[in-house]
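Data first, discussion second: the structure below is written as structure tokens.
The values are calculated or read from the model by the stated rules, or taken from the named source; none is laboratory data. Model, not experiment: these values are computed from the prediction. With ideal geometry, Cβ positions are generated from the backbone for all residues, glycine too; neighbour counts draw on all protein chains shown. We work out accessible area using only protein heavy atoms, side chains counted, and drop any ligands, DNA or RNA first. Shrake-Rupley method; radii C 1.70, N 1.55, O 1.52, S 1.80 Å.
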Amino acid sequence: MDKIAKKINKLKKEKNAVILAHCYQNIEIDEVADFVGDSLYLSQMAAKTDADIIVFAGVYFMAQTAKILSPDKKVLLPRLESGCPMADMINLEQLREFKLKHPSLPTVCYINSTAEVKSECDICCTSSNAVKIVESLKTDKVLFLPDTYLGKYVEAQLKDVEVITYPGYCPTHLRIKAEDIIDMKNKYPEAKILTHPECHKSVTEISDYVGSTTGIMNYAKNSSSRQFIVATEKGVCDRLKRDLPEKEFILIKNDVICPNMKWHKLDDIYNALADEKYEIKVNKDLAQKALGCINKMLEVSK
Ligand code: 13P
Ligand code: SF4
């Protein structure tokens, strides 16, 4: 193990800290992480932990969600620059305008959103439970934000529900084009195409499996196929190569990298723990309102 990783693990014990890492993180972060997974898993872990400090190796909205779920814990984001451009595509004013255009419809927000936005939505979802969450509302029309592609993917799964989406998107997943999938299918006709639902509809439509990062990893593990094309962020492909060396994983294209997720390095994690920075704080009233939206999701996802 790396010298810095050893120092982090020692400090983690001394401070009763826990490290949560999203599977888009640089793979060396796993050496010190207590939990690695998708957004749903990490929010479940953030709600459960009895550590005093949570270090979140992920993007800002994830650390903010952890703080809302565990208000008495110190939540640290090692690099403050790690925001999510999709989450920043909608603010409270834009949300209110969107709701005014379609009054009295239930509003579902992707967890990739700010606490302010969550505080005025009915229920939250992640990519792994979005279909289940919309279904749980038992309605034929919903508003969905900010990710238009995840929203439209949900609509395609639920034949009788109209999903009205806000025009947000993930710049990293939109780099993947249908032509890239077709090229790979021609090159590797036996391979299964594994895709994240933040991708464009023309991409998800021609994939073999569409799911969250953890969903993709489980599918690959349980599949009898030996070769896979990974159409999501590089971190997932790196972990699949490490965990399933008997199978072959090919990243759809080299630039499917979320720069925001990649800010955190082991040095930053060490500094975060040592100096207890950067602490994420959420105003109490706001946190209380956003908590309702997140808790409803966790309840449905139990
Ligand atoms: P999941 O963790 O739900 O797969 O979402 C991916 C993502 O883009 C997180 O920002
Ligand atoms: Fe945001 Fe996309 Fe990066 Fe996820 S992959 S954090 S949605 S920019």
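Taking region 84-111 only, how many residues are open to solvent by 20 Å² or more (accessible area, probe 1.4 Å) and either more than 11 Å from ligand 1 (Cβ to nearest atom) or of a type in the set (Gly, Ala, Ser) (or both)?
Adding up the residues that qualify gives 16.
Taking region 261-294 as the search range and keeping residues that are assigned to a loop (DSSP other than H, G, I, E, B) and either open to solvent by less than 30 Å² (accessible area, probe 1.4 Å) or of a type outside the set (S, T, N, Q) (or both), which one is farthest from ligand 2 (Cβ to nearest atom)? Don't jump to the end; show me each part of the working.
Our first condition is that a residue be assigned to a loop (DSSP other than H, G, I, E, B); within region 261-294, this holds for 264-265, 276-278, 280-283.
Retained after the next criterion (residues that are either open to solvent by less than 30 Å² (accessible area, probe 1.4 Å) or of a type outside the set (S, T, N, Q) (or both)): 264-265, 276-278, 280-282.
On the way: His264: 12, Lys265: 17, Glu276: 24, Lys277: 21, Tyr278: 17, Ile280: 16, Lys281: 21, Val282: 19 Å.
Applying the filter and picking the extreme gives Glu276.
Identify, please: which residue in region 168-221 is of a type in the set (Gly, Ala, Ser) and without any contact (Cβ under 8 Å) to a residue 40 or more places away in the chain and is, among those, surrounded by the most Cβ atoms within 10 Å (Cβ to Cβ)?
Within region 168-221, the first condition is being of a type in the set (Gly, Ala, Ser), and the residues that meet it are 168, 178, 191, 202, 207, 211-212, 215, 220.
Checking the rest, the ones that are also without any contact (Cβ under 8 Å) to a residue 40 or more places away in the chain come to 178, 202, 207, 220.
Working: Ala178: 15, Ser202: 13, Ser207: 20, Ala220: 22.
Filtering region 168-221 for residues that are of a type in the set (Gly, Ala, Ser) and without any contact (Cβ under 8 Å) to a residue 40 or more places away in the chain, the one surrounded by the most Cβ atoms within 10 Å (Cβ to Cβ) comes out as Ala220.
Considering only strands (runs of 3 or more DSSP E) fully contained in region 9-75, which possess at least 1 residues that are surrounded by fewer than 19 Cβ atoms within 10 Å (Cβ to Cβ)? Please lay out each step first, then the result.
Values: elements: 17-22, 35-37, 53-57.
Ranges flagged: 35-37.
Quick grid of which residues meet (1) at pLDDT below 95; (2) within 16 Å of ligand 1 (Cβ to nearest atom):
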| position | (1), (2) |
| --- | --- |
| Asn9 | no, no |
| Leu20 | no, yes |
| Gln25 | no, yes |
| Val32 | no, no |
| Ser39 | yes, yes |
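Would you check which residues across region 112-147 are over 14 Å from Val210 (Cβ atoms) and open to solvent by 30 Å² or more (accessible area, probe 1.4 Å) and list them?
Correct list: Thr114, Glu116, Glu120, Asp122, Lys132, Glu135, Ser136, Leu137, Lys138, Thr139, Asp140, Lys141.
Within region 244-257, track down each residue that is under 20 Å from Asp30 (Cβ atoms), open to solvent by 20 Å² or more (accessible area, probe 1.4 Å) and under 20 Å from the mean Cα position of the chain (by Cα). Let's see the steps before the verdict.
Applying the first criterion (under 20 Å from Asp30 (Cβ atoms)) to region 244-257 yields 244-247, 249, 251, 256-257.
In the following step, the residues that additionally are open to solvent by 20 Å² or more (accessible area, probe 1.4 Å) were identified as 245-247, 251, 257.
Residues satisfying the conditions are Leu251, Ile257.
Yes or no: Glu162 of a type outside the set (A, V, I, L, M, F, W, C), closer than 22 Å to Leu291 by Cα and either buried (at least 17 other Cβ atoms within 10 Å of the Cβ) or modelled with pLDDT of 95 or more (or both)? Full working, then the answer.
Details: of a type outside the set (A, V, I, L, M, F, W, C): yes; closer than 22 Å to Leu291 by Cα: no; either buried (at least 17 other Cβ atoms within 10 Å of the Cβ) or modelled with pLDDT of 95 or more (or both): yes.
So Glu162 does not fit the description; no.
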